[in-house]
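Following: one structure in structure tokens, then a few remarks.
The values are calculated or read from the model by the stated rules, or taken from the named source; none is laboratory data. Bear in mind that the values here come from a model prediction, so they are computed numbers and not experimental data. When we count neighbours, we look across all protein chains shown, and the Cβ atoms used for this are built from the backbone with ideal geometry, even at glycine. Quick note on the areas: whole protein, heavy atoms, side chains included, nothing else; ligands and nucleic acids left out. Shrake-Rupley method; radii C 1.70, N 1.55, O 1.52, S 1.80 Å.
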Amino acid sequence: MLTQIPGPIGIFDSGYGGLTIFDNIRKLLPAYDFIYLGDNARTPYGTRSFEVVYRFTRQAVIKLFEEGCHLVILACNTASAKALRNIQQKDLPLLDPSRRVLGVIRPTIEIADSITNSKHIGILGTSGTISSNSYMIELEKIFPHITVTGEACPMWVPLVENNEFNSPGADYFIKKHLNRILNTDPTIDTLILACTHYPLLINKIKEFLPPDITLFSQGEYVAKSLKDYLKRHPEMESKLTRKGTCRFLTTESADKFSETASIFLNQSIHVEQITID
Ligand code: DGL
């Protein structure tokens, strides 16, 4: 039985990447309480099948509901692409129709038209996000005049998860995918980082990117979109507690998460290890 007592906002990612979204959200909405859950034991999600990403994400969402969250943000493009719709349409009506789960793709798409002049956009994401065609399908619905090219970068998440993103080894894989997408469509003027892990590679990516290409990172827009959502949904806002706290949960070693996450967040954090199934 899920509690109806107000609770924190849940933020979920397969690992550390969602911290880039969490950081933006917390800066914009510092008064709220948060629980961040990283499924580090089962990361990466990007190369997993639709069924597996859905099953893992559903388990994580239920865990966050059990921890008292009424609102959960899937701070993961792969989970947003492969699990969000099923969770919203099939699971929420049965679990608790008053709870909400939101993703990161829609807020990113909404800004797309205003950030490109050439109207040619490139999407860099995991194999799962790119093969799902979610960005292309959503963009076609709102901005059919925009030409979209996707590029799967399967090695980029392991580089981040293994703290190898500043190593010379990262250069090869970053150059490879940037060259490929820009050769496919040389009129692209904007690249969207459609994976929450990729902002951690931003300095490396910029090193290899022609100066006239804009690199778009979604964290700020997901945070703004959440703020706007809470304004428009007072019934949800009233179910959120506001003491400015944050709990960090991981399915892998708490010490390892604490060490790596502290680098991303520039602060030391306390982490709890949990199991989800
Ligand atoms: N950070 C996730 C995303 O935005 C995926 C990372 C993974 O492959 O687990 O797509």
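Averaging over all projection directions, the Cα-based convex hull of the stretch 162-205 occupies 3.3 nm² in the image plane. Accessible area per residue was computed with a 1.4 Å probe on protein heavy atoms; Leu240 scores about 10 Å². Once the Cα atoms are used to define both axes, helix 19-28 deviates from the longest principal axis of the chain by about 70 degrees.
Rounded to the nearest 10 degrees, the angle from helix 254-265 to the longest Cα principal axis of the chain is 60 degrees. Remark: the stretch 216-267 carries a charge dipole of roughly 320 debye about the Cα centre, counting +1 on each Lys and Arg Cβ and -1 on each Asp and Glu Cβ. In whole angstrom, the stretch 212-266 maps to an equivalent ellipsoid with semi-axes of 27, 23, 9, each derived as √(5λ) from the alpha carbon gyration tensor and ordered largest first.
Here the mean projected area of the convex hull built on the C-alpha positions of the chain is 13.7 nm².
Inter-part distance, the stretch 248-270 to the stretch 110-152, computed on C-alpha centroids, equals 32 Å.
Which aspartates and glutamates does Lys231 reach when only Cα atoms under 19 Å apart count, and residues fewer than 8 places away in its own chain are ignored? Hits, sequence-local ones excluded: Asp33, Glu110, Glu220.
Pairs exceeding a 18 Å alpha-carbon distance, out of Lys176/Lys204; Lys27/Lys243; Lys82/Lys204; Lys175/Lys206; Lys27/Lys227: Lys82/Lys204. Considering only the Cα atoms of the stretch 64-103, their convex hull presents on average a projected area of 2.5 nm².
Extension gain for Thr245 to Ile274 (0.36 nm times residue separation, less C-alpha to C-alpha distance): 8.6 nm.
Only protein heavy atoms count here; on that basis, with a 1.4 Å probe, Arg247 has an accessible area of about 80 Å². Rounded to the nearest 20 debye, the dipole size of the stretch 3-116 about its Cα centre is 240 debye, using +1 on the Cβ of Lys and Arg and -1 on the Cβ of Asp and Glu.
For His177, His145, the ranking by accessible surface with the largest value first comes to His145, His177, using a 1.4 Å probe. At each listed q (0.26 Å⁻¹), what is the log10 of I(q)/I(0) that the Debye formula gives for the stretch 196-240 modelled as equal alpha-carbon point scatterers? With one equal scatterer per Cα and no solvent, log10 I(q)/I(0) is -0.91.
From the square roots a ≥ b ≥ c of the eigenvalues of the alpha-carbon gyration tensor of the stretch 92-155, which class results: rounded (a/c under 1.5), prolate (a/b over b/c), or oblate? Provide the component values of the computation, followed by the final result.
Details: a/c = 2.73, a/b = 1.56, b/c = 1.75.
Verdict is oblate for the stretch 92-155.
Taking a ≥ b ≥ c as the square roots of the Cα gyration tensor eigenvalues, with a/c under 1.5 meaning rounded and otherwise prolate when a/b beats b/c, else oblate, which class fits the stretch 52-194? Here the stretch 52-194 falls in the oblate category. Near Asn266, once Lys and Arg are set to +1 and Asp and Glu to -1 for all other residues with Cβ below 15 Å from its Cβ, the sum equals 0. Applying both filters, DSSP loop and at most 15 other Cβ atoms within 10 Å, to the GluC sites (Glu not before Pro) of the stretch 124-167 gives Glu164.
Note on the stretch 25-40 and the stretch 46-102: Cα centroid distance 17 Å, given to the nearest whole angstrom.
Residues in the chain average 43 Å² of solvent-accessible surface per residue, probe 1.4 Å, ligands and nucleic acids excluded. Rounded to the nearest 10 degrees, the inclination of helix 219-232 to the longest alpha-carbon principal axis of the chain is 40 degrees.
Using a ≥ b ≥ c from the Cα gyration tensor of the stretch 168-271 (square roots of the eigenvalues), is it rounded, prolate or oblate, where a/c under 1.5 gives rounded and otherwise the larger of a/b and b/c decides, a/b for prolate?
oblate
Estimated from the Cβ-Cβ distance and a Förster radius of 22 angstrom, the FRET efficiency linking Leu2 and Lys224 is about 0.15.
Placing +1 on the Cβ of every Lys and Arg and -1 on the Cβ of every Asp and Glu, with nothing else charged, gives the chain a dipole about its Cα centre of roughly 460 debye.
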